[in-house]
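Participant: Submitted below is the structure of interest, expressed as structure tokens.
The values are calculated or read from the model by the stated rules, or taken from the named source; none is laboratory data. The structure displayed is predicted, hence computed values, not measured ones. As a convention, Cβ positions derive from the backbone with ideal geometry for all residues, glycine included, and neighbour counts pool all protein chains shown.
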Amino acid sequence: MFGDFGTPMILRSLILPALLLFRLAASEPAEIALWPGVAPGSEGKDAPEKVRITDGGDHVVSGVHKPTIRPYLPEAGRANGAAVLVIPGGGHSALWMDHEGYNLARVLQSHGIAAFVLKYRLARETNSPYTIRGHALADTQRALRLIRSRAAEWGIDPRRLGAVGFSAGGELVWLASASPGNGSPDATDPVERQPSRPDFLGFIYPGRSGDIQPDPNSPPAFLACAFDDRKDISEGLAEVYLRFKRAGVPAELHVYSSGGHGFGLREKNPRPVGRWSDRFEEWLSDSGFLKPR
């Protein structure tokens, strides 16, 4: 039986729900500020953000002075308690919010995993007053602490909160993992009492892979890239996998034959690279992160 334009009805019933995951902008959740008032280091910087929309419909954000997370919470009956901080890339000069942020968050949400898309300050914009460690990393750590501080409210297990980063976002995932992350028990701000270390790591064609040097205490990791990406990415991520292996830390590596740099998660991604998020969820399940501890 065929529907409009000769498309088989059964096929349409399978395609449409997947497409809707990418087209629910009208019901997007509101952003949540990471810091009360002005973010430390952004005093006096109140210029509005810049948003560029590409021909493909991607929202590319720059000029961030008010870092936020956007929560994608699953329905209570579907939630499994796991959560992921999704960190878009863009070379620390812009943020590609759709294919490296919102699209993945909606897919995770539809499968019972809470997702939070981070909008962080950019250290490599022209005349930027920010640094990677002083501001972008601080925003990442604050986001993880904020999520844990509201875990009960959002139905999240604070011991099953990971971070997935694309390109420059992958650099921040590693820095958050490798930096001291204990909370401050005596802090007046309850958010700062929470730890900021992710429980699992996702590196999707990460930048500065040479900096990723796991030790036996590092969280387990999921890694993905394309064979036709830059040499430092494709070969570098293979070396990262071996470092996790040598450290005795569980890791899973996927190198797709094509996809280049920045394949992210798009509606029109060709298979198999377009299905890497399925492999990520399988890895989460196999690693025990989708079950209560």
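Participant: Restricting to the stretch 80-121, count the residues that are out of contact with any helix residue (DSSP H, G or I) (no Cβ under 8 Å at 6 or more places or on another chain) and more than 27 Å from Gly63 (Cα to Cα).
Facilitator: Adding up the residues that qualify gives 5.
Participant: If Leu161 satisfies all but one of (1) crowded, with 17+ Cβ neighbours inside 10 Å; (2) under 25 Å from Lys45 (Cα atoms); (3) of a type outside the set (Lys, Arg), what's the number of the condition it fails?
Facilitator: For Leu161, the failing item is (2).
Participant: How many residues does the stretch 105-133 contain that are over 12 Å from the mean Cα position of the chain (by Cα) and either modelled with pLDDT under 95 or within 17 Å of Ser93 (Cα to Cα) (or both)?
Facilitator: So the count comes out to 13.
Participant: Just to be sure, is Val84 under 13 Å from the mean Cα position of the chain (by Cα) and either hydrophobic (A, V, I, L, M, F, W, C) or buried (at least 18 other Cβ atoms within 10 Å of the Cβ) (or both)?
Facilitator: yes
Participant: Out of the residues in the stretch 235-261 that are closer than 16 Å to Gly170 by Cβ and without any contact (Cβ under 8 Å) to a residue 24 or more places away in the chain, state the one that is surrounded by the most Cβ atoms within 10 Å (Cβ to Cβ).
Facilitator: Tyr241
Participant: Right, something else. Which pairs do you get when a residue that is closer than 16 Å to Ile32 by Cβ, found in the stretch 128-145, comes within reach of a residue that is among the β-branched types (Val, Ile, Thr), reach meaning Cβ atoms under 8 angstrom, with the pair 6+ apart or on two chains?
Facilitator: That search, which allows pairs on different chains as well, returns Thr140/Ile87; Thr140/Val173; Arg142/Val191; Ala143/Ile69; Arg145/Val191.
To keep it simple, each residue is scored yes or no on (1) more than 26 Å from Pro48 (Cβ to Cβ); (2) part of a helix (DSSP H, G or I); (3) out of contact with any Lys or Arg (no Cβ under 9 Å at 6 or more places or on another chain).
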{"residue": "Tyr102", "(1), (2), (3)": "no, yes, no"}
{"residue": "Ala105", "(1), (2), (3)": "no, yes, no"}
{"residue": "Leu122", "(1), (2), (3)": "no, no, yes"}
{"residue": "Asn127", "(1), (2), (3)": "no, no, yes"}
{"residue": "Ala136", "(1), (2), (3)": "no, yes, no"}
{"residue": "Asp139", "(1), (2), (3)": "no, yes, no"}
{"residue": "Ala143", "(1), (2), (3)": "no, yes, yes"}
{"residue": "Leu146", "(1), (2), (3)": "no, yes, yes"}
{"residue": "Glu171", "(1), (2), (3)": "yes, yes, no"}
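Participant: Would you pick out the residues in the stretch 107-120 that are in a loop (DSSP other than H, G, I, E, B), surrounded by fewer than 22 Cβ atoms within 10 Å (Cβ to Cβ) and on the phi < 0 side of the Ramachandran plot?
Facilitator: Within the stretch 107-120, His111 is the sole residue that qualifies.
Participant: Also: Tell me, please, whether a residue that is within 19 Å of Ile87 (Cα to Cα), among the aliphatic types (A, V, I, L, M) and assigned to a loop (DSSP other than H, G, I, E, B) can be found in the stretch 235-245.
Facilitator: The answer is no; no qualifying residue exists.
Participant: Would you mind finding the one in Pro71, Pro67 that is within 21 Å of Pro158 (Cα to Cα), in contact (Cβ under 8 Å) with a residue 40 or more places away in the chain and surrounded by 14 or more Cβ atoms within 10 Å (Cβ to Cβ)?
Facilitator: Pro71
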